[in-house]
Each structure stands twice: as structure tokens, then as C-alpha cells.
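Read the structure below first, then the notes.
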Amino acid sequence: MRIDIKTPRQETKETLKQLINNYHTIHPEKGYRAVRKDIFNDTGWIYQVT
């Protein structure tokens, strides 16, 4: 039986998804690059697409 414990990477990924969705909801006119720049400027969070 699998225990539903999230790894730190899974938690980070979910947090980042929520952050991107929040930014896009507030600013639907902005594209991926602009949202990424805003997240970096506001939080300092650097992420890479892997």
C-alpha cells in the first residue's frame, strides 16, 4: 500500500504551478516570459523547465 507523502520536489512543483496560475489569473494579457519575470522579480524564485 502506497503512502501518500509528497516529496519536497512534488511540493515545490505544486507551489510553483499555483503561483503561475495566480499570476496568470491576475494578468491574463501576459505571456509565459512576462509571468516568469514577474515571479523572479517578486520572489527571487528561479526555475527551469526540465
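The values are calculated or read from the model by the stated rules, or taken from the named source; none is laboratory data. Source: prediction; values computed, not measured. Here the Cβ positions follow ideal geometry from the backbone for every residue, glycine too, while neighbour counts run over all protein chains shown. We work out accessible area using only protein heavy atoms, side chains counted, and drop any ligands, DNA or RNA first. Shrake-Rupley method; radii C 1.70, N 1.55, O 1.52, S 1.80 Å.
For this structure, a couple of remarks:
- Shown here are the Rg and Dmax of the Cα trace of the chain, at 13.2, 45 Å.
- Residue-by-residue Karplus 3J(HN,Hα) for segment 6-16, coefficients 6.51, -1.76, 1.60, Hz, glycine and proline x: 7, 6, x, 5, 5, 5, 5, 4, 5, 4, 5
- Under-5 Å amide H pairs with LYS30, H placed in peptide plane, nonlocal only: none
- Protection-proxy order for peptides 20-29, 3-12, each taking the mean of Cβ atoms within 10 Å per residue, highest first: 20-29, 3-12
- Taking the C-alpha atoms only, the angle from helix 32-43 to the longest principal axis of the chain is near 80 degrees.
- Each Lys or Arg adds one and each Asp or Glu subtracts one; over the other residues with Cβ under 15 Å from the Cβ of LEU16, this totals +2.
- Estimated distance in nm for a label pair at TYR32 and THR7, the labels positioned 7 Å out from Cα along Cα-to-Cβ: 2.3
- Reach of LYS30 by Cα under 22 Å, taken over lysines that are not fewer than 8 positions away in the same chain: LYS13, LYS17
- Using a probe of 1.4 angstrom and keeping all protein chains present, the accessible surface of the chain works out to 95 square angstrom per residue.
- Extension gain for the segment PHE40 to LEU16, taken as residue separation times 0.36 nm less the Cα-Cα distance, is 7.5 nm to one decimal.
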